[in-house]
Amino acid sequence: MNWIEITDVNAPELDVFSRLSEGQLMHYYEPEPGIFIAESANVILRALEAGYEPEAVLLEKQRVEKEGRPVLDKIEELWGREKLESLPVYVAGHDLVTQLTGYSLVRGLWAVLRRKRLPALDAFCEGKKRLAVLVEVVNPTNAGAIVRSAAALGMDGVLFTAGSVDPLTRRAARVSMGTVFQIPWTFMEGKGGDVNDVALRLGAMGFETVAMALTADSVAIQDERLKRAERLAVLLGTEGDGLPGEVIESCTHRVRIPMHHGVDSLNVAAAGAVAFWELSKNSCHFE
């Protein structure tokens, strides 16, 4: 095992854990896919099981056996003994690791993992009948919660527009409880024009598109026409502004969630969970 005790918090090989931004990590091996940081044993184990290759591990000494050992064993199981023996495993006491990261680690364990190439939109949508679409959702907590609900409540995949947060950011992946590694997802290609034509592009692939929006012609989420749709994509907008007007107008349906006590809206993650549950009932197969 390549155990490396941390004695210098300024060592350059530790930059990935604390001194590089999410954007720098994403482009670490450009033009190849970059890297990301996963926090906590639960999230890291799900990433490993989904085939993400580990490059380094950071552990608190007090967490080596309880949280670290299952992760290291999984690396050996999936990637082989040679990989485990060559993998840098940085170890330090709680105070020193906190000094390195600026705050206490989540259960004392981080891992650096290689990203994968994302599928193009056409390939991603092939065979899928229920999609969650995040349109410029920038809050990682909301994104992570939406991914978790989509995975749990029968959606076949999650599509992000270019302006949305990367679901592999530390907080988004952690809030998703690692389900970001259990449900297929991708970004729409391109940096311009993809937001307003998202519904049109999905419509051309045979999806009926659902804008979660309060408009004069909104129908209730329970509307049977929605459930009968062969392919359905549920579009969710960012907090505050919601979906852009052009996107709402280009969708097949405008949909509302009936509410009580004068409440007119839900947090986007809560709205997504309600919508996924209601609209995927006919296609879910719970065991």
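Please count how many residues of the range 216-231 are open to solvent by 80 Å² or more (accessible area, probe 1.4 Å) and modelled with pLDDT of 90 or more. Full working, then the answer.
Pass one, the range 216-231, residues open to solvent by 80 Å² or more (accessible area, probe 1.4 Å): 216-217, 222, 224-225, 228, 230.
If we keep only those that are modelled with pLDDT of 90 or more as well, we get 230.
Of the residues in the range 216-231, 1 are open to solvent by 80 Å² or more (accessible area, probe 1.4 Å) and modelled with pLDDT of 90 or more.
Do we have Val133 as among the β-branched types (Val, Ile, Thr), at pLDDT 95 or above and under 11 Å from the mean Cα position of the chain (by Cα) here? Talk me through it step by step, then tell me what you get.
Values: among the β-branched types (Val, Ile, Thr): yes; at pLDDT 95 or above: yes; under 11 Å from the mean Cα position of the chain (by Cα): no.
When the stated conditions are applied, Val133 does not pass them.
Which of the residues spanning the range 253-266 are in contact with a helix residue (DSSP H, G or I) (Cβ under 7 Å, 6 or more places away or on another chain), at pLDDT 85 or above and not in a strand (DSSP E or B)?
Hits for the range 253-266: nothing passes.
Does the range 85-98 contain any residue that is farther than 20 Å from Arg171 by Cβ and in contact with a Leu (Cβ under 6 Å, 6 or more places away or on another chain)? First the steps, then the outcome.
Taking the range 85-98 as the starting set, the residues that turn out to be farther than 20 Å from Arg171 by Cβ are 85-96.
If we keep only those that are in contact with a Leu (Cβ under 6 Å, 6 or more places away or on another chain) as well, we get 90-91.
Yes, that holds for at least one residue.
Could you give every pair whose Cβ atoms fall below 6 Å, whose first residue belongs to the range 122-147 and is at negative phi and buried (at least 19 other Cβ atoms within 10 Å of the Cβ), and whose second residue is among the basic types (Lys, Arg) and assigned to a loop (DSSP other than H, G, I, E, B), counting only separations of at least 6 or pairs across chains?
Lys129/Arg231
Need the failing condition index for Thr179 against (1) crowded, with 23+ Cβ neighbours inside 10 Å; (2) under 15 Å from Val43 (Cβ atoms), just the number.
(1)
Taking the range 19-73 only, how many residues are basic (Lys, Arg) and modelled with pLDDT of 90 or more? Before the answer, list the steps.
Keep residues of the range 19-73 that are basic (Lys, Arg), which gives 19, 46, 61, 63, 66, 69.
Within this subset, residues satisfying the condition of being modelled with pLDDT of 90 or more are 46, 69.
Residues meeting the conditions: 2.
Residue-by-condition table, conditions (1) within 15 Å of Met26 (Cβ to Cβ); (2) in contact with a Leu (Cβ under 8 Å, 6 or more places away or on another chain):
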position	(1), (2)
Ala111	no, yes
Asn142	no, no
Arg148	no, no
Pro167	yes, no
Glu189	no, yes
Arg201	no, yes
Gly206	no, no
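From the list Gly154, Gly203, which one is outside any loop (DSSP other than H, G, I, E, B) and more than 25 Å from Gly240 (Cα to Cα)? Write out each step before concluding.
Values: Gly154 fails: outside any loop (DSSP other than H, G, I, E, B).
The unique qualifying residue is Gly203.
Tell me, which residue of the range 157-176 that is without any contact (Cβ under 8 Å) to a residue 40 or more places away in the chain and in a helix (DSSP H, G or I) is surrounded by the fewest Cβ atoms within 10 Å (Cβ to Cβ)?
Here the residue is Arg171.
Say we look at the range 232-252 and pick out the residues that are part of a strand (DSSP E or B) and modelled with pLDDT of 90 or more; which of these is farthest from the chain's Cα centre (by Cα)?
Leu232
The values are calculated or read from the model by the stated rules, or taken from the named source; none is laboratory data. Quick caveat, the model's predicted, so the values are computed rather than measured. Neighbour counts run over all protein chains shown; Cβ positions are idealised from the backbone, glycine included. All accessible areas refer to the heavy atoms of the entire protein, side chains included, with ligands and DNA or RNA removed. Shrake-Rupley method; radii C 1.70, N 1.55, O 1.52, S 1.80 Å.
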